[in-house]
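K.L.:
Got a structure for you, written out below as structure tokens; questions coming shortly.
The values are calculated or read from the model by the stated rules, or taken from the named source; none is laboratory data. On a predicted model such as this, the values are computed, not experimentally measured, just so you know. So basically every Cβ, Gly included, is an ideal-geometry build from the backbone, and we count neighbours across all protein chains shown.
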Amino acid sequence: MLLTVALRGGGARTMRVTAHSNTAALLEVFGDLRPAEAAEVVQTVCRMLRLEEDLSGFYLRAEHDPDLSWAADEDAGRILRSASAFEDVIKTICTTNCTWSATERMVEALVSELGPIAPSLSGSAPRRAFPAASVLAEQNEDFYSGVMRAGYRGQYIRAISVAVANGTVNLEELTREHPAALADREVENLLLSLPGVGPYATAHIMMMLGRFSRLVFDSWTVPKYRNLTGRHRITTKGIERRFRRYGEYAGLAFWLYLTRDWL
DNA sequence: CGTCCAGGTCTAC
DNA sequence: GGTAGACCTGGACGC
């Protein structure tokens, strides 16, 4: 696949990513790249593909579950995520209370209007990465309503971008592997305190942070679970009970159970 | 053309 | 603590 990632010093690079295994990939970057930038690109792609995520605890439990042993066999579960926690938070807000096509349109507007541009091979269209928080922070209401057409989400996105840009909130330190590793409950409370981020968005963002304890319940996952199991009256409490045996990996187990037919 | 609602959240009871 | 209404947008549907 083609990936375009931003560089800290400005600009961006596009690359072709070829899977070697579930934990290794080949990167062919278009355009020049200084050593420090190369390291940055590798780090970003590692995050996106979760090449270094340790899922052994999950596989240990999945082995004994006929519904999910396939995941252990295939070393599945490295759900693709964005280049940063900030990007995952903004994108998640863009999934709330709207259709998937609206989500795509809102994110596309952010990237095509504000994203840093990457040099491309001659003949191919220029590509952009997701814009930095500081860039989103300086946009006015006209951009969010008139260009992005985010509706009431605009003020949420702007407020979070300002908080991240001025250092009030540090989303990147919320990842499971970060040295300052907080407990899931602390991360949950912090995310819930963000404007526009409720229970659904919190559970989803935590999955993106490598924290799989919470199940993502929304108007797609719950009906999908009911259809797969034939248990049309089961509630979220019942679903949580079904996956409780997975402990800190309950959310991952639920998600893989729902999306097996995607593979 | 009006109503409903989609991979919800916030505010006000 | 639990729940009804409002909320931007736009596509799907019924009339």
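K.L.:
Within the stretch A:145-157, take every residue that is more than 19 Å from the chain's Cα centre (by Cα) and in a helix (DSSP H, G or I) and give me the one that is farthest from DNA strand C (Cβ to nearest atom).
P.N.:
Going through the qualifying residues, I end up with A:147.
K.L.:
Among what's in the stretch A:195-210 and is more than 16 Å from DNA strand C (Cβ to nearest atom) and assigned to a helix (DSSP H, G or I), pick the residue that is nearest to the chain's Cα centre (by Cα).
P.N.:
A:208
A quick yes/no check of all residues on (1) within 15 Å of DNA strand B (Cβ to nearest atom); (2) modelled with pLDDT under 95:
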{"position": "A:75", "(1), (2)": "no, yes"}
{"position": "A:79", "(1), (2)": "yes, no"}
{"position": "A:86", "(1), (2)": "no, no"}
{"position": "A:90", "(1), (2)": "yes, no"}
{"position": "A:147", "(1), (2)": "no, no"}
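K.L.:
Now a separate question. Of all the strands (runs of 3 or more DSSP E) wholly in the stretch A:1-99, which have at least 1 residues that are of a type in the set (Val, Ile, Thr), over 21 Å from the mean Cα position of the chain (by Cα) and farther than 30 Å from residue A:219 by Cβ?
P.N.:
Counting at least 1 such residues, we get A:25-30.
K.L.:
Taking the residues in the stretch A:49-102 that are aliphatic (A, V, I, L, M) and free of Cβ contacts under 8 Å to residues at least 24 places away in the same chain as candidates, determine which candidate is nearest to DNA strand C (Cβ to nearest atom).
P.N.:
Looking at residues that are aliphatic (A, V, I, L, M) and free of Cβ contacts under 8 Å to residues at least 24 places away in the same chain, I get A:102.
Each row is one residue, and each column tells you yes or no for (1) within 16 Å of DNA strand B (Cβ to nearest atom); (2) within 19 Å of residue A:96 (Cα to Cα); (3) of a type in the set (S, T, N, Q); (4) in contact with a strand residue (DSSP E or B) (Cβ under 9 Å, 6 or more places away or on another chain).
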{"position": "A:173", "(1), (2), (3), (4)": "no, no, no, no"}
{"position": "A:180", "(1), (2), (3), (4)": "no, no, no, no"}
{"position": "A:187", "(1), (2), (3), (4)": "yes, no, no, no"}
{"position": "A:196", "(1), (2), (3), (4)": "yes, yes, no, no"}
{"position": "A:201", "(1), (2), (3), (4)": "yes, yes, no, no"}
{"position": "A:204", "(1), (2), (3), (4)": "yes, yes, no, no"}
{"position": "A:213", "(1), (2), (3), (4)": "no, no, yes, no"}
{"position": "A:225", "(1), (2), (3), (4)": "yes, no, no, no"}
{"position": "A:228", "(1), (2), (3), (4)": "yes, no, no, no"}
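K.L.:
Filter the stretch A:248-259 for residues that are surrounded by 14 or more Cβ atoms within 10 Å (Cβ to Cβ) and not aromatic (Phe, Trp, Tyr); which is farthest from residue A:55 (Cα to Cα)?
P.N.:
A:258
K.L.:
Out of (1) within 14 Å of DNA strand B (Cβ to nearest atom); (2) free of Cβ contacts under 8 Å to residues at least 12 places away in the same chain; (3) not β-branched (Val, Ile, Thr), what's the single condition that is false for residue A:142?
P.N.:
Result: residue A:142 passes all but (1).
K.L.:
Also: Could you pull out the residue among A:233, A:244 that is touching a helix residue (DSSP H, G or I) at 6+ places or on another chain (Cβ under 7 Å), more than 14 Å from DNA strand B (Cβ to nearest atom) and without any contact (Cβ under 8 Å) to a residue 24 or more places away in the chain?
P.N.:
A:244
K.L.:
Something else: May I ask you to list the residues in the stretch A:216-247 that are closer than 14 Å to residue A:58 by Cβ and surrounded by 15 or more Cβ atoms within 10 Å (Cβ to Cβ)?
P.N.:
Scanning the stretch A:216-247 gives A:243, A:246.
K.L.:
Can I ask one more? Being in a helix (DSSP H, G or I) and of a type in the set (Phe, Trp, Tyr), is that true of even one residue in the stretch A:211-223?
P.N.:
No, the stretch A:211-223 contains no residue that is in a helix (DSSP H, G or I) and of a type in the set (Phe, Trp, Tyr).
K.L.:
Going by the conditions given, is residue A:187 assigned to a loop (DSSP other than H, G, I, E, B), within 26 Å of residue A:60 (Cβ to Cβ) and more than 16 Å from DNA strand C (Cβ to nearest atom)?
P.N.:
no
K.L.:
Would you mention how many residues in the stretch A:10-30 are loosely packed, with under 15 Cβ neighbours inside 10 Å and closer than 13 Å to residue A:129 by Cβ?
P.N.:
Final tally of qualifying residues: 2.
K.L.:
A follow-up question, please. From the residues in the stretch A:105-139 that are within 16 Å of DNA strand B (Cβ to nearest atom) and more than 17 Å from residue A:201 (Cβ to Cβ), which one is surrounded by the fewest Cβ atoms within 10 Å (Cβ to Cβ)?
P.N.:
The qualifying residue surrounded by the fewest Cβ atoms within 10 Å (Cβ to Cβ) is A:108.
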